[in-house]
1. If you take the residues in region 147-204 that are in a helix (DSSP H, G or I) and of a type in the set (Val, Ile, Thr), which one is nearest to residue 77 (Cα to Cα)?
2. Let me confirm something: among 94, 88, 75, which residue is over 12 Å from the mean Cα position of the chain (by Cα), surrounded by fewer than 23 Cβ atoms within 10 Å (Cβ to Cβ), more than 21 Å from residue 131 (Cβ to Cβ) and of a type outside the set (Lys, Arg)?
3. Filter region 115-137 down to residues that are charged (D, E, K, R) and either free of Cβ contacts under 8 Å to residues at least 60 places away in the same chain or outside any helix (DSSP H, G or I) (or both), then give me how many there are.
4. Being among the small types (Gly, Ala, Ser) and loosely packed, with under 15 Cβ neighbours inside 10 Å, is that true of even one residue in region 130-144?
5. With respect to residue 179, is the statement that it is farther than 22 Å from residue 119 by Cα and buried (at least 21 other Cβ atoms within 10 Å of the Cβ) true?
Amino acid sequence: MDILKLGTRGSPLALYQAHTVARLLQERSGVTCEIVIITTAGDRLADAALSEVGGKRLFVKEIEDALISGTIDIAVHSSKDMPAEQPAGLRIGAVLPREDARDAVVLPRTYEGARSLDAVLAHLGRAPRIGTSSVRRSAQLTRLFPGAQFLPVRGNLDTRLRKLDEGDTYDAIVLASAGLIRLERGDRITASIPVTACVPAPGQGIIAVEARSTDARALGAVALINDVTAAAALLAERAVVTRLGGGCQMPIGAHAVHEGTTLSLTAIVISVDGAKDARADAHGSAADAQAIGMAVAEQLLTRGAGAILADVQRVQVAAEGLRT
């Protein structure tokens, strides 16, 4: 029997993703997966704000290290957690079809009003307490909620929802729609945020399967579950981050959409306070996904993205200096 050792984090969402990949591999390639749970730095630092501990491999380093060493054969990640530059010898062998890439506002269970963004804005008023551990989200949402106080919120999905429903700290939290839908909590989405108002993280909603570049057996198996549409979108979005040199905790959004054989990409780089931004978009053949991403990144740089990111990095370095 052909068996692949599949590495994953142990959160409910990560396990959902791992079991989904394992099921598809069994169905399409006859491969059986042995799931190996690996604790990452992001899991160990679950109570710290991502802006304080965030790094380019916070949720993937230990899993990728196990892949490099041969302890596991494939790794399953939320692709938005993966740095644009992978370690030498690793590659993304497959991605699954994309779930809803938008961010979602979630209000406490006691909320009984209309489920629309306008209704949410009216309900929360001028100075809501909004939970999010994403710099990208808070920077963009400052424009929707100019008087809001953005507070870090960590933990798995159930933990975040419990903290919200307790009502002591947050009036609302903002999460990825994809995670809520995959864990059958789509009913908790009070309002989806349009991409025009909050450009998602590159890769948001896409599950990625990583393997060693030299492992023909694993790559051949996972190729049978690859979704070419999602793969092209991910390639374009990651190309933006690669060219900009940004990491997981940088205020960069990128989102690609297919229309037939055409791929349209929009991206933003925004200052942490939301005061300055650079936006760009481009479209072309999905076969040229990486080139489209690079073209959008070049537009962003000509519109001031480099200076914005440099300012963000200076602030992060200064904050790190104060903590040490």
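Just so you know, all these numbers are worked out from the coordinates, no wet-lab data involved. Owing to the predicted nature of the structure, the values given are computational and were not obtained by experimental measurement. Glycine gets a Cβ as well: all are built from the backbone with ideal geometry, and neighbour counts include every protein chain shown.
1. Looking at the filtered set, the residue picked out is 181.
2. So the residue among 94, 88, 75 that is over 12 Å from the mean Cα position of the chain (by Cα), surrounded by fewer than 23 Cβ atoms within 10 Å (Cβ to Cβ), more than 21 Å from residue 131 (Cβ to Cβ) and of a type outside the set (Lys, Arg) is 88.
3. Result for region 115-137: 4.
4. From region 130-144, those among the small types (Gly, Ala, Ser) are 131, 133-134, 138-139; that's our starting set.
When the remaining residues are screened for being loosely packed, with under 15 Cβ neighbours inside 10 Å, the result is none.
Among the residues of region 130-144, not one is among the small types (Gly, Ala, Ser) and loosely packed, with under 15 Cβ neighbours inside 10 Å, which makes the answer no.
5. Considered against the rule, which asks whether it is farther than 22 Å from residue 119 by Cα and buried (at least 21 other Cβ atoms within 10 Å of the Cβ), residue 179 comes out as yes.
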